[in-house]
Structures are given as structure tokens and as C-alpha cells.
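Trainee: Please read through the structure below; I'll follow up with questions.
The values are calculated or read from the model by the stated rules, or taken from the named source; none is laboratory data. Note that the structure is predicted; figures quoted are calculated from it, not measured. So basically every Cβ, Gly included, is an ideal-geometry build from the backbone, and we count neighbours across all protein chains shown. The area values use the complete protein model at the heavy-atom level, side chains included, leaving out ligands, DNA and RNA. Shrake-Rupley method; radii C 1.70, N 1.55, O 1.52, S 1.80 Å.
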Amino acid sequence: MFDIHSYIDDFQKVLGIISDTYYPSIFILVGLFLLLLSSLYIYKSIRLDARDTPLWYKSIIFFSLALGVIFLASGAAAAMLHVFDNPIRRVSKDEAIQNLGANKKTEWLIRLIPYKPSTEPYLSIDNITKLGPPKLQYVFVAPYSELRGYKVSDAVQMVGGTIESSADQRVTAIIFRTKHIYPANARGVVQLLRKIERTKLSDSDTHIANLSMFDEVGHEAEHQDIDQDQNIHTWAWSNYRKFFPKYCELAQAFKCNKGYSAHQYISEFNDDWSPFGYARNDKLDTCKIENNPCLVDSQATSWDSITNNIENDFGARSFFIDNYEIKDLGSRYLIDFDKPDQQIIPDIGPLK
């Protein structure tokens, strides 16, 4: 039975494959232009008497038609080669940034751990016992669906990690179903710090200056916002942007002062961290006043303007999660990549 919807879906998939490949797209566009040009001159020739048709009309028709077919076929062939080389459809950077702004739900998470068997055998899939170092309470993770299909070494860099090009370099990947997470944006950081200071730190520890302000009179709105940590929509930019300057200021103060006691419970904040909740490719020293993201990013109001600011250094979304024991993760996949500069993050199938 003829199903128009299935044909439309197939056509959209073909367009998606073509649009994901730069040079094949150019070839196909040139081919279509040449075929359109040949069609135009064929139409003009039909309207003329055959004896009155200029020779250069015939030349244009012949060469544009021949070259159009060649370019179109070459572009399609190159696109198919790209698919065979990496058949997994990847989430584009633009889509990932939109997911960041909306805090789109992610069903599966991934943690990538580069290591060298000769010096760090405890990080192999045979020996690793927790998501992160045992002393930590919370660690960084990333959305699996937005790294799927990328080369492993590229994915490590996208999440803010470092990886060497050496024969001894390997990567342990842990893919697992999402549990309760905090987006690693400024709001999520402040929420996590309040939780740590309330449950882990004693009076003798070094607390974060001004973090308790949200419990004081005059800050009822911030207090109410910070206490909402179950509804994923509260982490969407549109819902917390009016509080962003203060959240950013506190999160940045924590990042740049290693004397705060809460650091011992959280994965290290490096210069790849962004207050919007993603790993940066441009690893500037953001503790320097001229690179302070709060001074620049706090001026942005619409997500479109923020997108323009971050698209060049966007790596991947970041989240905080409890440092679970591997055995307690439930549905999980552990993969040892022995050639991370050649292998890709696989498609594990339907994410049910």
C-alpha cells in the first residue's frame, strides 16, 4: 500500500545526509544549477525554428546537461561514501545549542575517561568501580545522543577533556540511563553548592561568601527558584535568565577560589567550563578579569544573541551527577576504545 508519509520521511533522510556533508552538497547544488540552465535553453530552443537556433544555444545545452549530470552523480556518490564511512547521524552543533537553551531532556548519559594502561590500569573497564575518583561526590557527564557518531578523540575534547595521540592512549566510555542530574550551568552549580554546604560541610570549613544570601529577606524569588531542582524546565534559559547575573557571579567566584571546601566533592572546574552549562573549546583563563564570562554573558538577554556568542567555542552540554558505583547504574554499556583517534562513539540502538 502506498504510504506518502514513509516516502516523505525517506526523502527527508536523504536531504539530511546530503546537508551533513559539505563538498557533496556543493557538487549537488552546482549540478542542479547546470541542469536548470540546460532546461532553460532547451525551452528557448523549442520556441525557435530549428534553423534559427544559435550554435551557442546548442553548446550551452550540451555542456550544461553533461556537466550537470556529472556534478549531480559525483555529489550523490560522495554523500553515500560519507554515509558508509560513518553511517551514524550526528546531532549538529546548532541543534545541541538549542537543546542547551531549552534544557532538552536526555535519556542516556556518557562519561569518557582517557587513560594509559601502563600508568593508569585502574581506569580500564575491568577495574573501574565508580564514575569518577572515589573521593568525589559529583562528576561531570554529557548527553550520549549528542556525542554519538563523533570520533572518540574528538568527543573527549568536546566534553573538555585532553587526549594524546599515542599508541598507549585509550578511552573508557560509560554509557548509562539518566538518573537525577544538575545541568552544569551557573544555576545548577549554585544549587549543587548549596546542597553540599548544607549536607557535607561543617562550620569549620571554608564556605562560599554570599551563598547564604538566598535564604535572607529580600531574596525570596531567588530562594524559590534555587529550591526547584526536579522540573527540567526550570533550567531552561528563559526561566532563570533574570537570576543569571547573580548565579554566574557566585559560580565564577567558586571556580576561581580553590580554597572553598566544596571543591573536594566536585569534579575539578577547569577553563573549559561555561556558566551556560557546556564545555568550551576555547580554554581561556576565565579567572582573569578580561576573560570573565559573567561580565560579557550577563549582558545577553535572548537565546539567539547568546547563540551568536557561544557557537564558535561550543563543545558539548555538561551535567553533574552523583558519583555512582558502576554496578548501581542499571542499564549500562562499558566500552574500551583502544584506537580513539580512529574509532567513533557507537549507536547502541533504540534508546528505550
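Trainee: Within the stretch 218-239, can one find any residue that is in contact with a helix residue (DSSP H, G or I) (Cβ under 7 Å, 6 or more places away or on another chain), of a type in the set (S, T, N, Q) and more than 26 Å from G101 (Cα to Cα)?
Mentor: Within the stretch 218-239, none of the residues are in contact with a helix residue (DSSP H, G or I) (Cβ under 7 Å, 6 or more places away or on another chain), of a type in the set (S, T, N, Q) and more than 26 Å from G101 (Cα to Cα).
For (1) in a helix (DSSP H, G or I); (2) modelled with pLDDT of 90 or more; (3) surrounded by fewer than 19 Cβ atoms within 10 Å (Cβ to Cβ), each residue gets a yes or a no:
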| position | (1), (2), (3) |
| --- | --- |
| I208 | no, no, no |
| G218 | no, no, yes |
| Q224 | yes, no, yes |
| T234 | yes, yes, yes |
| A251 | yes, yes, no |
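Trainee: Examine the stretch 268-291 for a residue that is crowded, with 18+ Cβ neighbours inside 10 Å and at pLDDT below 90, and state whether such a residue exists.
Mentor: From the stretch 268-291, those crowded, with 18+ Cβ neighbours inside 10 Å are 269, 272-280, 286; that's our starting set.
When the remaining residues are screened for being at pLDDT below 90, the result is 269, 286.
For the stretch 268-291, residues crowded, with 18+ Cβ neighbours inside 10 Å and at pLDDT below 90: present.
Trainee: While we're looking at this one, here's another question. Criterion first (out of contact with any helix residue (DSSP H, G or I) (no Cβ under 7 Å at 6 or more places or on another chain) and surrounded by fewer than 19 Cβ atoms within 10 Å (Cβ to Cβ)) does T178 satisfy it?
Mentor: Values: out of contact with any helix residue (DSSP H, G or I) (no Cβ under 7 Å at 6 or more places or on another chain): yes; surrounded by fewer than 19 Cβ atoms within 10 Å (Cβ to Cβ): yes.
Yes.
Trainee: Right, another one. Hey, does the stretch 75-82 have a residue that's farther than 27 Å from I26 by Cα and open to solvent by 50 Å² or more (accessible area, probe 1.4 Å)?
Mentor: First, the residues of the stretch 75-82 that are farther than 27 Å from I26 by Cα: none.
For the stretch 75-82, residues farther than 27 Å from I26 by Cα and open to solvent by 50 Å² or more (accessible area, probe 1.4 Å): absent.
Trainee: Can you say whether D338 is of a type outside the set (G, A, S) and surrounded by fewer than 15 Cβ atoms within 10 Å (Cβ to Cβ), as far as the supplied structure shows? I'd like the intermediate steps shown before the answer.
Mentor: Values: of a type outside the set (G, A, S): yes; surrounded by fewer than 15 Cβ atoms within 10 Å (Cβ to Cβ): yes.
So D338 passes the test.
Trainee: Still on this model: Out of curiosity, is I321 surrounded by 15 or more Cβ atoms within 10 Å (Cβ to Cβ), touching a residue at least 60 places away in the same chain (Cβ under 8 Å) and farther than 14 Å from V156 by Cα?
Mentor: On the way: surrounded by 15 or more Cβ atoms within 10 Å (Cβ to Cβ): yes; touching a residue at least 60 places away in the same chain (Cβ under 8 Å): yes; farther than 14 Å from V156 by Cα: yes.
Yes, satisfied.
Trainee: Here is a follow-up. Go through the stretch 27-73 and give me each residue that's among the hydroxyl-bearing types (S, T, Y), part of a helix (DSSP H, G or I) and modelled with pLDDT under 80. Break it down stepwise before answering.
Mentor: Taking the stretch 27-73 first, the residues among the hydroxyl-bearing types (S, T, Y) are 38-39, 41, 43, 45, 53, 57, 59, 64.
Filter once more, so that each one left must be part of a helix (DSSP H, G or I): 38-39, 41, 43, 45, 57, 59, 64.
Matches in the stretch 27-73: Y41, Y43, S45, Y57.
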